[in-house]
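The next block holds one structure in the form of structure tokens; read it before the comments.
The values are calculated or read from the model by the stated rules, or taken from the named source; none is laboratory data. Model, not experiment: these values are computed from the prediction. We place every Cβ from the backbone using ideal geometry, glycine too, and count neighbours over all the protein chains shown.
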Amino acid sequence: METMHFEQLQETLYKEKLDNGLEVFLLPKEGFQKAFAVFTTKYGSVDDRFIPIGGTEPVQLPDGVAHFLEHKMFEDEDGDVFQEFSRQGASANAFTSFTRTAYLFSSTSGVSNSLETLLNFVQKPYFTDATVEKEKGIIEQEINMYQDNPDWQNFFGLLKAMYHRHPVRTDIAGTVSSIYDISKEDLYMAYETFYHPASMVLFIVGAVEPESTMKQIRENQQAKTFPDPEEPVRFQADEPEEVFEKSVTMAMPVQVGRCLIGFKEKNPFRRGRDLLKRELSAQLVLEMMFGQSSDGYASLFSRGLIDETFSFDYTAEEGFGFSVIGSDTTSPQELDDAVSGIIQSAQREGLSEAAFERLKKKKIGFFLRAMNSPEFIANQFTRYHMNEMQLFDVIPVLESLTLHDLDEVLQEHFDLSRQKSVHMIYPEESVTS
């Protein structure tokens, strides 16, 4: 077991790669009563085209298989695994993103029992034709619920506007039509391709004793048989650099309109420290232009163009990346124009060195506070690790950033002519009247 000590944060990380390829990370937190474990595979909704293990030709699975598989993993011959976690005093959950599927639990007692349950159910798929058919109705209800959610419609409407062909433009759960095309065989194919231990990461943080926990994990894995690992062969969509549509408008039964403005990343194939630097730089640029202490935010708020729902974020994963800025608003088009004006002004006049240094310190402070949250640590660590980044590099990279780094992002990423899309929702009555 390898030990990595990070002096600046006073954290010690324990790491081991098991014989079957599973990477295990343990981060004890002194004084914590709770342990949080997350078992993650690098398989998400965008992985819809790949060569299955044992195959030679690429296959295209229906949209929504990764999410469907996540749902079905909690069911085995004995019933619902959630009930087993509850009996052990643990709270369990799972999620599917564009690029990952994660299974997790938190517990203040009986952690070793819950850890055994986590490892065993994720590594023992059980699907039947009958249970797969039953699940389709459940997921259809979930999809229909989101169809009526204006914020969900606005976000995926924006992704559809930005992307021509990349599967990030498709709802993670798929469509009602696509889920009814999913078969038991599709689920097993995806599982066998992406759920091998060599493709997965187990991360545990909080009240955990490294030696005994790692011993338990080793013994659990040694008692199981797995085929030799094969690196999954995935296919990236042939995605143009510019956006698909610059502006999309739709009507929904809402009281207040919505506006989301997106900027599509031109170079979405950064990895490791280069990606971390880009992500932190973009986040700081957004904070400088639209954070609550900025002139931009004050202008938008004073004009009544935004309310407390106003937000912004930068997302980057392998093969895609984008910034999103938006709010509920009574004037979607005016908000779009005003945001573009703030960006143009920043590009023309430059960013403030004083504001940059102040916000950099603020971001470091936020990160240090977040390191007291086991959930934040576990979810961020695994996401960073699967993009060849290191969570404990965040502060050193932040400290190394210069105003020139941010200006580079400001000028290149926020390209109003080729990389910008806007998606606006208006109340139905305002469109028909």
Is it true that residue 308 is modelled with pLDDT under 95 and closer than 30 Å to residue 106 by Cβ? no
Just checking, which of 75, 23 is in contact with an Asp or Glu (Cβ under 9 Å, 6 or more places away or on another chain) and at pLDDT below 95? 75
Of all the residues that make up the range 1-33, how many are surrounded by 17 or more Cβ atoms within 10 Å (Cβ to Cβ) and assigned to a loop (DSSP other than H, G, I, E, B)? 4
Complete set of residues in the range 146-159 that are farther than 14 Å from residue 98 by Cα and either assigned by TED's automatic domain parsing to the domain that holds residue 265 or not aliphatic (A, V, I, L, M) (or both): 146, 147, 148, 149, 150, 151, 152, 153, 154, 157
Considering every residue within the range 238-257, establish whether at least one is among the aromatic types (Phe, Trp, Tyr), assigned to a loop (DSSP other than H, G, I, E, B) and surrounded by 16 or more Cβ atoms within 10 Å (Cβ to Cβ). yes
If you scan the range 289-307, which residues turn out to be in a helix (DSSP H, G or I) and either of a type in the set (D, E, K, R) or in contact with a Cys (Cβ under 9 Å, 6 or more places away or on another chain) (or both)? 295
Checking the condition in contact with an Asp or Glu (Cβ under 8 Å, 6 or more places away or on another chain), in the same structural domain as residue 291 (by TED's automatic domain parsing) and not in a helix (DSSP H, G or I), which residue from 359, 351 passes? 351
How many residues, within the range 391-433, are free of Cβ contacts under 8 Å to residues at least 60 places away in the same chain, aliphatic (A, V, I, L, M) and over 22 Å from residue 350 (Cβ atoms)? 1
Taking the condition under 25 Å from the mean Cα position of the chain (by Cα), of a type in the set (Asp, Glu) and surrounded by 13 or more Cβ atoms within 10 Å (Cβ to Cβ), does residue 308 pass? no
Can you tell me which of 204, 182, 261 is in a loop (DSSP other than H, G, I, E, B) and of a type in the set (Val, Ile, Thr)? 182
Does residue 93 fit the bill of being free of Cβ contacts under 8 Å to residues at least 40 places away in the same chain, in contact with a strand residue (DSSP E or B) (Cβ under 7 Å, 6 or more places away or on another chain) and not in a loop (DSSP other than H, G, I, E, B)? yes
Hey, any hits in the range 329-338 for a residue that's at pLDDT 95 or above, out of contact with any helix residue (DSSP H, G or I) (no Cβ under 6 Å at 6 or more places or on another chain) and outside any helix (DSSP H, G or I)? yes
Hey, does the range 54-77 have a residue that's over 25 Å from residue 224 (Cα atoms) and assigned to a strand (DSSP E or B)? yes
Filter the range 376-414 for residues that are crowded, with 21+ Cβ neighbours inside 10 Å and outside any helix (DSSP H, G or I); the one that is modelled with the lowest pLDDT is 389
Please specify each residue of the range 36-63 satisfying the condition of being buried (at least 23 other Cβ atoms within 10 Å of the Cβ) and within 25 Å of residue 114 (Cβ to Cβ). 36, 37, 38, 39, 40, 41, 43, 44
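Here is a yes/no grid of residues against (1) part of a loop (DSSP other than H, G, I, E, B); (2) small (Gly, Ala, Ser); (3) closer than 26 Å to residue 156 by Cβ:
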{"position": "268", "(1), (2), (3)": "yes, no, yes"}
{"position": "279", "(1), (2), (3)": "no, no, yes"}
{"position": "287", "(1), (2), (3)": "no, no, yes"}
{"position": "309", "(1), (2), (3)": "yes, no, yes"}
{"position": "316", "(1), (2), (3)": "no, yes, yes"}
{"position": "342", "(1), (2), (3)": "no, no, yes"}
Within the range 264-305, tally of residues that are within 24 Å of the chain's Cα centre (by Cα) and surrounded by fewer than 15 Cβ atoms within 10 Å (Cβ to Cβ): 6
